[in-house]
Amino acid sequence: MKCVAIAVTVLLIHGQGFAAPVKRRDPGRIGRRGVGNGVNFYSRAREIETGRDLARDVERGARIIEDPVVSEYVSRIGQNLVNNSDARYCFTIKVVRSEEINAFALPGGFLFINSGLIRAADNEAELASAMAHEIAHVAARHYTRQATWEQIVSYASIPLVFIGGLPGYAIQQGAAIATPLAFRKLSRDAEAEADMLGVQYLYKTGYDPSAFVDFFERMARQEKSKPGTIAGMLAVHPALVSRIRAVQKQIQTDLGPQPQYLIQTSEFMLVKERLIAIENGKRVPWKCARPSTPDERPVLRRRD
């Protein structure tokens, strides 16, 4: 066991963990900086197949919202983020009917957004920030890299699942052996890396990166006023306050100023209203949610 510990330590020293090298902090290098590299026993083909199998299981047990307007809109936001990310996968994005403020990603590019998350977001940029975080988990191959680490120390019997409103993943409960501290550190590093990459993807896509912070802060206030709302998803992840501070620092130091950022669209509000109507059992007309008049322009925040 000492030999295994030494091997893991050596790999971490040589950058095989989830800590982000300096070059990954540069959004100008998105798509050509080796995100997702490192020790991994899974080929990308196997990773996609694993994700596809898990996605089938999710869809068998979840209530997928099939409304074409809602589905197309959410998928369009996600695909735009993917196109401005390090991900090397074709993504499938679906909306799950659930009140839980949650989103989860599966390896290989399968992303599920809970309707509760859409309803909790105040604007399109906040919704995009949650999706960007999940896309970052897939781009960095956190699922299979973590599974690889488990195999390295003969810990492969414990599967991983992605969970959380602005989530990440956690090792399922009930393990016969306590989770080694090294894995807790890797998991927390994965969350930190997903935060860092997600903010970059948000920024490159044209959204206001501070939306990431705004959403986190509101979730923190919600948890403080109503304990247990999001506590479960933070069991093995950094505290929200720490994550907020890290993202704020990143925005100030790593992201160059842009003339303006996208925050809100009237389409978001129309889709959100449509989603609420669907969940309340009301009939909704078959119509596109995209704005049709010049007055329904996106809300932009100009940088001072």
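Loop-only GluC sites (Glu not before Pro) in the range 69-134, please: DSSP not H, G, I, E or B, and at most 13 other Cβ atoms within 10 Å.
For GluC sites (Glu not before Pro) across the range 69-134 that sit outside H, G, I, E and B with at most 13 neighbouring Cβ atoms in 10 Å, the list reads GLU99.
Would you work out if the range 45-154 is rounded, prolate or oblate? Take a ≥ b ≥ c from the square roots of the eigenvalues of the alpha-carbon gyration tensor; rounded if a/c is under 1.5, else prolate when a/b is larger than b/c, oblate otherwise.
prolate
Please give the peptides 50-60, 251-261 ranked by average Cβ packing (other Cβ atoms within 10 Å per residue), highest first, as a rough proxy for protection.
Order by mean packing, descending: 50-60, 251-261.
VAL96's amide H: which non-local residues (gap 5+, or another chain) put their own amide H closer than 5 Å, with H modeled 1.01 Å from N in plane and none for Pro or chain starts?
ILE65, ILE113, ASN114, SER115
Any chance you could look up the accessible area of GLU191 with a 1.4 Å probe, heavy atoms only, rounded to 10 Å²?
Surface accessible to solvent at GLU191 totals approximately 0 Å².
May I ask you to compute the full-extension gain from GLU66 to LYS224, defined as 0.36 nm times their residue separation minus their alpha-carbon distance, rounded to one decimal in nm?
On the way: separation 158, 0.36 × 158 = 56.88 nm, distance 3.43 nm.
Length gained between GLU66 and LYS224: 53.4 nm.
The values are calculated or read from the model by the stated rules, or taken from the named source; none is laboratory data. Quick caveat: nothing in here was measured; it's all calculated off a predicted structure. For neighbour counting, all protein chains shown are included, and Cβ atoms are generated from backbone atoms with ideal geometry for every residue, glycine included. Each accessible area value is taken on the protein alone, full model and side chains, heavy atoms only, with ligands, DNA and RNA left out. Shrake-Rupley method; radii C 1.70, N 1.55, O 1.52, S 1.80 Å.
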